[in-house]
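The values are calculated or read from the model by the stated rules, or taken from the named source; none is laboratory data. Everything quoted here is computed from the prediction, not taken from an experiment. Here the Cβ positions follow ideal geometry from the backbone for every residue, glycine too, while neighbour counts run over all protein chains shown. Note: areas computed on protein heavy atoms with side chains; ligands, DNA, RNA excluded. Shrake-Rupley method; radii C 1.70, N 1.55, O 1.52, S 1.80 Å.
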Amino acid sequence: PDHTTLLISQTGGGCRATNYVAFIRKALKDAGYPQIPVLALSVQGIETNPGFTYTPSLINRTMQAVVLGDLLMKVLYRVRPYELEPGSANALYEKWDKRAGDYLAGSKEYRRQTEGSFKKLVSELVDDFDNLPLRDIPRKPQVGVVGEILVKYHPDANNHVVDVIEREGCEAVVPGLMDFLLYCCYNSGYKYKELGNSAIVAMGGRLGIWAIEKYRHHANECLKKTNGKFTPWVHIDYKAELAKPILNLGNATGEGWFLTAEMVELIQEGAPNIICVQPFACLPNH
């Protein structure tokens with residue numbers, strides 16, 4: 001514990017995620033670990049973190065980590081309800097989770113972290129899950145999971161909702177974390193056009209969208225080659241168009257219009273059953 005730092009994102013908006021930092025500090029103190037510092041990962045600069053700097057290598061590996069995490073979640077949830085040998089999907093996940101971790105840590109096998117080695121890792125990961133032996137049974141009912149950014153992904157926070165879905169004989173479909181980052185980038189453009197916010201920030205948002213899409217482009221191409229077994233991620237501009245007929249894109253607090261867009265996308269992709277998870281008093285979600 002004396003050599004540990006806890007990192008948590010901080011949105012800076014009118015949302016619970018802005019306050020998580022203070023709650024975590026209190027929780028660590030109450031648990032007997034007052035010496036563990038909490039770093040707030042915030043582009044708004046709400047808090048300063050002396051001694052912590054963003055390097056190109058750190059940013060690069062962070063983006064690759066999000067792509068790998070989203071990819072593992074997508075392929076695992078798609079095949080696990082149909083696995084021929086019980087436990088085989090989780091075993092495959094453990095294998096690739098370790099390999100992804102070894103790559104990001106720069107282990108001996110992945111000492112040179114090049115774009116080519118990352119693409120090779122992604123290609124082999126998708127191929128391995130694509131070739132996992134599955135039962136020849138009809139597609140199970142698909143159930144989407146959307147909601148507040150922490151509760152949506154944290155099993156302890158959402159009462160292990162994915163396990164419940166699979167135990168009930170269904171297939172869980174959980175949109176990726178990267179799309180939330182794209183949503184945040186997209187909003188700067190709306191605020192420039194409709195609210196007169198900074199044009200430079202809006203340009204930065206579009207640049208961010210381009211960079212993020214570049215990171216997951218190869219993974220998307222690999223997913224497309226699986227003949228429909230795994231669906232690729234769609235562009236954030238398309239998601240915004242899905243939400244427009246239902247609500248104004250000025251709804252940008254918390255998950256804002258993004259929540260609606262994900263629900264419409266899930267319905268279009270064959271998952272009309274949707275669980276919306278949120279913590280108590282998360283007003284944007286409600």
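Of everything in segment 1-42 that's hydroxyl-bearing (Ser, Thr, Tyr), under 20 Å from residue 147 (Cβ atoms) and open to solvent by less than 50 Å² (accessible area, probe 1.4 Å), which residue is modelled with the highest pLDDT? If you could, list the steps in order and put the result at the bottom.
Just the residues of segment 1-42 that are hydroxyl-bearing (Ser, Thr, Tyr), to begin with: 4-5, 9, 11, 18, 20, 33, 42.
Among the residues that remain, those that are also under 20 Å from residue 147 (Cβ atoms) are: 9, 11, 18, 20.
Then keep just the ones that are open to solvent by less than 50 Å² (accessible area, probe 1.4 Å); that gives 11, 18, 20.
Details: 11: 65, 18: 74, 20: 81.
Step by step, filter segment 1-42, then rank; the result is 20.
Just so you know, in segment 169-205 the residues that are over 19 Å from residue 158 (Cβ atoms) and of a type in the set (D, E, K, R) include one that is nearest to the chain's Cα centre (by Cα), and it is 191.
Pairs meeting the criteria (first residue in segment 229-246 and within 30 Å of residue 136 (Cα to Cα), second residue open to solvent by 50 Å² or more (accessible area, probe 1.4 Å) and not acidic (Asp, Glu), beta carbons under 6 Å, at least 6 apart or on different chains) are 232/224. When 177, 181 are screened for being open to solvent by 50 Å² or more (accessible area, probe 1.4 Å) and in contact with an Asp or Glu (Cβ under 7 Å, 6 or more places away or on another chain), only 177 passes.
Among what's in segment 117-164 and is assigned to a loop (DSSP other than H, G, I, E, B), open to solvent by 30 Å² or more (accessible area, probe 1.4 Å) and among the acidic types (Asp, Glu), pick the residue that is farthest from residue 94 (Cα to Cα). Quick ask: steps written out before the conclusion?
To start, the set of residues in segment 117-164 that are assigned to a loop (DSSP other than H, G, I, E, B) comprises 131-133, 135-141, 148, 154-160.
If we keep only those that are open to solvent by 30 Å² or more (accessible area, probe 1.4 Å) too, we end up with 131, 133, 135-141, 154-157, 159-160.
Remaining after also requiring among the acidic types (Asp, Glu): 136, 156.
Details: 136: 24, 156: 19 Å.
Only one residue fits best here, namely 136.
Taking interchain pairs and intrachain pairs at least six residues apart, which have beta carbon atoms under 8 angstrom, with the first residue in segment 136-154 and free of Cβ contacts under 8 Å to residues at least 40 places away in the same chain and under 11 Å from residue 278 (Cα atoms) and the second assigned to a helix (DSSP H, G or I) and among the aromatic types (Phe, Trp, Tyr)? Once the first residue is free of Cβ contacts under 8 Å to residues at least 40 places away in the same chain and under 11 Å from residue 278 (Cα atoms) and sits in segment 136-154, no partner that is assigned to a helix (DSSP H, G or I) and among the aromatic types (Phe, Trp, Tyr) comes close enough. Filtering segment 107-116 to residues that are outside any loop (DSSP other than H, G, I, E, B) and out of contact with any helix residue (DSSP H, G or I) (no Cβ under 7 Å at 6 or more places or on another chain) leaves 108, 115, 116.
Per-residue answers, yes or no, for (1) under 16 Å from the mean Cα position of the chain (by Cα); (2) part of a strand (DSSP E or B); (3) under 24 Å from residue 6 (Cα atoms):
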{"position": "57", "(1), (2), (3)": "no, no, yes"}
{"position": "64", "(1), (2), (3)": "yes, no, yes"}
{"position": "69", "(1), (2), (3)": "yes, no, yes"}
{"position": "72", "(1), (2), (3)": "yes, no, yes"}
{"position": "75", "(1), (2), (3)": "yes, no, no"}
{"position": "86", "(1), (2), (3)": "no, no, no"}
{"position": "92", "(1), (2), (3)": "no, no, no"}
{"position": "98", "(1), (2), (3)": "no, no, yes"}
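Among the residues making up segment 83-116, those that are under 18 Å from residue 63 (Cβ atoms), open to solvent by less than 40 Å² (accessible area, probe 1.4 Å) and either hydroxyl-bearing (Ser, Thr, Tyr) or at pLDDT below 90 (or both) are 103, 106, 110.
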